[in-house]
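Quick notes on the structure that follows.
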Ligand code: FES
């Protein structure tokens, strides 16, 4: 049986920073959009959680479906999310003032609508993945628009270097792979990569070099 370190392709005893970097690489390889599968993605995520929890031996390595999570702090930012594809399915518009109220009342699948907390120093994409969701991405470094979200309420940070023109950032478009919550509560529509003006900034899924090691 593989240990969590085996799953992340790490030597036992790797430090926290090495673990986080390895997780980011492996979760990318395992993502369904990049040739992986949901099962492999869950396996990588579970390995990361096991190492964070101090479990290092093969015998204690959890199976993929285990949902043992460190309890988020109540003061961590709360994100309410909605899949952009749901809007088209329901005839809703991004400009609908009651968009999230309609989503909350629509009994949607948790992949499409829900909320989660974002732990300190996690990006929005990392937080989504840690909750088991396979949100789209490609470069994970601010160099494409595959991970774009529209922030409807609250805000996400933007690094100094990123691909979005100011016209898009003014409309609330942010990059989930590099954005960390900077407000207590956020409402975001994710999976907006196919919006016409974002489409030309996208990269096709594939093995890209990392635009950033952070
Ligand atoms: Fe490329 Fe986020 S995945 S900018």
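Since every read-out is calculated from the coordinates, none of them should be taken as a lab result. Everything numeric in this text was worked out from a predicted model, so none of it was measured. Cβ sites come from the backbone with ideal geometry, for glycine too, and all protein chains shown count toward neighbours.
Some notes on this structure:
- Where labels lie 7 Å past Cα in the beta-carbon direction, separation of residue 119 and residue 105 in nm: 3.7 nm
- Potential lengthening between residue 184 and residue 39 on full extension [0.36 nm per residue; Cα-Cα distance subtracted]: 49.0 nm
- Sites residue 161 and residue 9 - FRET efficiency at Förster radius 30 Å, r taken between beta-carbons, to 0.05: 0.60
- Beta bridge orientation in the chain: antiparallel %, DSSP, nearest 5: 70 percent
- Listed residues 150, 182, 173, most fluctuating in the chain (Gaussian network, C-alpha, under 10 Å): 182
- Prolate/oblate/rounded label for the chain (Cα gyration tensor, a/c 1.5): prolate
- Label zone at residue 94, where the point sits 7 Å out along the Cα-to-Cβ direction: the stretch 177-198 residues whose backbone N lies under 14 Å: 188-198
- Separation in nanometres of the label points that stand 7 Å from Cα toward Cβ, at residue 16 and residue 171: 3.9 nm
- C-alpha long axis of helix 38-52 to longest principal axis of the chain, angle in °: 60 degrees
- C-alpha long axis of helix 16-30 to longest principal axis of the chain, angle in °: 70 degrees
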